[in-house]
Amino acid sequence: MNEQTLLELADDELILGWRESEWTGIAPMLEEDVAFSSIAQNEIGHARAAYQLLVGEDGDADALAFDRKLEEYRCAPLVELRLMDWAHTIARRWLYETADEIRIAALKDDPDAGGLAAKIDREEAYHRMHAEMWNTRLKDEPRYRKAVADLWPYALGLLSPELRPTLIARVGLPEVDAIERGSHTGELAELWDEMTMVRRSAPAGSQW
Amino acid sequence: MVTAEQVWSALDEIPDPEIPVISLVDLGVIRSVDVQDGRVRVEFTPTFLGCPALEAMKRALEEKVAELGGVPEVAVISDDSWSTDKITPAGREKLREAGFAPPAPREATAPRLVQLQANVHRCPYCGSTETRLENIFGPTPCRSLRYCDGCRQPFEQFKTI
């Protein structure tokens, strides 16, 4: 099993799920409140299943998700950004889902993770529909085009180099230097602090 | 000693935590029941991986097996072996009666937006096919929202997985 790829996917989905949930209650319209909340919940569900596969049936997925140091997370900078502008939020959704589809397709032949990848892909189809619907609606708006261009180097950083040409072909933007995984944005530090606070403050031996 | 048949019929009494008109057996999420020397291994598949009812379902399965005197071992199988095509005909009818349009059949490739918008999705209340997509997402990950122009009523559509 390609553990590194699976861990990257799990961390991306956990952190992005966290970020998408920040729209719950304050999205520009009620339909999007529902959509973002549902997408967030589902992304975190994908993260949970991937962590569980990594730790084994009887392992503790929560420990892998929440007990690591900040620098041990493998998520891409794209998912860490705290975007409170709708154009950038939709641009990230569309770029993320387009890249994610390519990455999941590449995992489908993995003997251990292939089943999970196929399951995730069936569910992500609905996220892709939502993203495509918005991309079609906004694609000629200058503000949205700028947002896509701003996030493009980050989107390339989601994929390993051999998968990037497929993303470039689908998105139709020129190749640029990717913002790679490995170092984290300051925005992740704040999120990590909030996300792990309860577990860090619990006395040793607490049961969950 | 508990038998697999007894376990299956007991599990058929467990309602889906979010759509209680349908049982977990009707929903098709119980993949297998294996009984050996009083130890009962139940494999079940989540509908959506983000389903918040996952833990509740797992606990309900364990409790039901324990009530029969078996030692439960419930495994969650996170692969593509469940699809909405596994919902039983009786289960589909129960969904319809409760106001949920049952899912369309799964196709070889994952569904696309154009299918969700253009395919015939019948209103569970009046049977009209004059319905349109309101929101891909609904109150739980497994449902979309549609609106019926026939009886002017919103309804929930079980997503095809």
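Looking only at segment B:81-132, residues that are within 14 Å of chain A (Cβ to nearest Cβ) and surrounded by fewer than 18 Cβ atoms within 10 Å (Cβ to Cβ) come to 15 in all. Within segment B:58-74, is even one residue buried (at least 19 other Cβ atoms within 10 Å of the Cβ) and within 30 Å of residue A:130 (Cα to Cα)? Scanning segment B:58-74 turns up no residue that is buried (at least 19 other Cβ atoms within 10 Å of the Cβ) and within 30 Å of residue A:130 (Cα to Cα). Taking segment B:33-61 as the search range and keeping residues that are among the basic types (Lys, Arg) and in a strand (DSSP E or B), which one is farthest from residue B:138 (Cα to Cα)? Top of the filtered list is B:39.
Residue A:78 meets the conditions (1) modelled with pLDDT under 95; (2) touching a Lys or Arg at 6+ places or on another chain (Cβ under 7 Å) in every case but one. The failed one is (1). Restricting attention to segment A:111-140 and to residues that are farther than 20 Å from residue A:10 by Cβ and of a type in the set (Lys, Arg), the residue that is farthest from the other protein chains (Cβ to nearest Cβ) turns out to be A:139. Quick check on residue B:139: is it within 20 Å of the chain's Cα centre (by Cα), within 14 Å of chain A (Cβ to nearest Cβ) and surrounded by fewer than 18 Cβ atoms within 10 Å (Cβ to Cβ)? Criteria met by residue B:139.
For segment B:82-110, a residue qualifies if it is part of a loop (DSSP other than H, G, I, E, B), at pLDDT 90 or above and in contact with a Lys or Arg (Cβ under 6 Å, 6 or more places away or on another chain), and the qualifying residues are B:83, B:102. Here is the figure for segment B:96-125: residues that are hydrophobic (A, V, I, L, M, F, W, C), without any contact (Cβ under 8 Å) to a residue 40 or more places away in the chain and over 12 Å from residue B:147 (Cα atoms) total 7. Among the numbered conditions (1) closer than 22 Å to residue A:197 by Cβ; (2) of a type outside the set (Phe, Trp, Tyr); (3) within 10 Å of chain B (Cβ to nearest Cβ); (4) surrounded by fewer than 17 Cβ atoms within 10 Å (Cβ to Cβ), the only one that residue A:108 does not meet is (1). When segment B:62-80 is limited to residues that are assigned to a strand (DSSP E or B) and within 12 Å of another protein chain (Cβ to nearest Cβ), the one that is nearest to the chain's Cα centre (by Cα) turns out to be B:76. Number of residues in segment A:155-200 that are crowded, with 17+ Cβ neighbours inside 10 Å, among the basic types (Lys, Arg) and modelled with pLDDT under 95: the value is 0.
Being over 13 Å from residue B:50 (Cβ atoms), surrounded by fewer than 19 Cβ atoms within 10 Å (Cβ to Cβ) and within 11 Å of chain B (Cβ to nearest Cβ): is that true of residue A:29 here? Yes, satisfied. Considering (1) within 14 Å of another protein chain (Cβ to nearest Cβ); (2) among the charged types (D, E, K, R); (3) farther than 16 Å from residue A:103 by Cβ; (4) touching a His at 6+ places or on another chain (Cβ under 8 Å), the lone condition that residue A:13 does not fulfil carries the number (3).
The values are calculated or read from the model by the stated rules, or taken from the named source; none is laboratory data. Quick caveat, the model's predicted, so the values are computed rather than measured. Quick reminder, even Gly has a Cβ in these numbers, built from the backbone with ideal geometry, and neighbours come from all protein chains shown.
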